[in-house]
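Following: one structure in structure tokens, then a few remarks.
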Amino acid sequence: MSERPVYETALGASSRETITLLGHDLARDVMGTVGFGELAYWLATQRRPTPGQTRLFEAVLAALADHGFTPTAIVTRLTYLSAPDSVQGALAAGLLGGGSRFLGVTEDCGRFLRAALVRAAADGPLPASGDDAGWDALAREALTAEHGAGRRIPGLGHHVHKDGDPRTPRLQQVAAEEGLVGPHLALFTAIGRVAPEVLGKTLPLNGAGTCGAVLADLGLPLELLRGFALLARTAGLIGQLAEELRHPVGNDVFLAVDLNNRSVPPDPLPEQQL
């Protein structure tokens, strides 16, 4: 008779008497002792964060939790309006909208910065901490290459905070206070300094992009950066639903479109040419 397969995990496992998580007794050592932000970092890295890492990570979660009536918030409210029996559907609808324009910028920026750093490291050591001129030169090179290729620079610009995203300096401050300004944030900060001369216009470093730089410096996998943005936004969407229960606006949003539409002649799609 063949042996039963064994599936190893360092995460949650249960026996008749106990539940273990990350090698600790869940009920005795984790519940009521470890904060949710600390636990989320710990689960993703399987290393317990320092107090400074926890503070910076939770600052990122706070920065990304809610940003008003964004498409993710609106679709969550409208889905709840359509299917009030499906809270999970409303939350999922909002989370599925986390893409290249909203929330996904966190991952895109982290990847862009990492690629620039890898290229630079192949040519020699990275600038030292505090070497603004060195980081500016590296930022100028990265921006010129990206802009020259006609690609959008992730993390630059914001549709509301055109004179500066208030989340960005606060994240930079917390990172500096905790001694956690790494190469990704140093490069991103430099990009903010040199972007006007390279692009010919001034665009602020947005909070989502700054979060990507911070998360990358915290050693979190690039493949999961969007996941952390979605983790944060889940709390915000729960807040949106809680407010929708008390002060609903979803039906007003729906009717504003439905009662103000106008019929127009068809606009045929051109035939495809081979």
In region 127-159, residue nearest to the chain's Cα centre (by Cα) [restricted to those that are under 18 Å from GLY104 (Cβ atoms) and either aliphatic (A, V, I, L, M) or not in a loop (DSSP other than H, G, I, E, B) (or both)]: LEU156
Within region 87-112, tally of residues that are among the hydroxyl-bearing types (Ser, Thr, Tyr) and within 16 Å of ALA242 (Cβ to Cβ): 0
Which pairs turn up if I take residues in region 228-247 that are closer than 9 Å to LEU64 by Cα and look for partners that are open to solvent by 40 Å² or more (accessible area, probe 1.4 Å) and of a type in the set (Asp, Glu) with beta carbon separation below 7 Å, at least 6 apart in sequence or on another chain? GLY236/ASP66
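Anything in region 97-126 that is part of a helix (DSSP H, G or I) and of a type in the set (S, T, N, Q)? List them, or say none. Before the answer, list the steps.
Restricting attention to region 97-126, the residues satisfying the condition of being part of a helix (DSSP H, G or I) are 105-123.
Within region 97-126, just THR106 meets the criteria.
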Checked region 22-31 for anything touching a strand residue (DSSP E or B) at 6+ places or on another chain (Cβ under 8 Å) and either under 15 Å from ARG48 (Cβ atoms) or assigned to a strand (DSSP E or B) (or both); matches are ASP25, LEU26, VAL30
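Do the conditions hold for HIS161, that is, is it more than 26 Å from GLN53 (Cα to Cα) and in contact (Cβ under 8 Å) with a residue 40 or more places away in the chain? It would help to see each step written out before you state the result.
Details: more than 26 Å from GLN53 (Cα to Cα): yes; in contact (Cβ under 8 Å) with a residue 40 or more places away in the chain: yes.
The answer is yes for HIS161.
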List, please: which pairs have Cβ atoms under 9 Å, are six or more places apart or on different chains, and start with a residue in region 87-102 that is over 22 Å from GLY207 (Cβ atoms) and open to solvent by 50 Å² or more (accessible area, probe 1.4 Å) and end with one that is at pLDDT 95 or above and part of a helix (DSSP H, G or I)? VAL87/TYR80; VAL87/ILE238; VAL87/LEU241
Residue within region 127-136 that is among the aliphatic types (A, V, I, L, M) and either within 30 Å of GLY250 (Cα to Cα) or open to solvent by less than 60 Å² (accessible area, probe 1.4 Å) (or both) present: no
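The values are calculated or read from the model by the stated rules, or taken from the named source; none is laboratory data. These numbers were taken from a predicted model, which means no experiment stands behind them. Please note: Cβ atoms are built from the backbone with ideal geometry, for glycine as well, and neighbour counts cover all protein chains shown. Note: accessible area is taken over every heavy atom of the protein model, side chains too, but ligands, DNA and RNA are not part of it. Shrake-Rupley method; radii C 1.70, N 1.55, O 1.52, S 1.80 Å.
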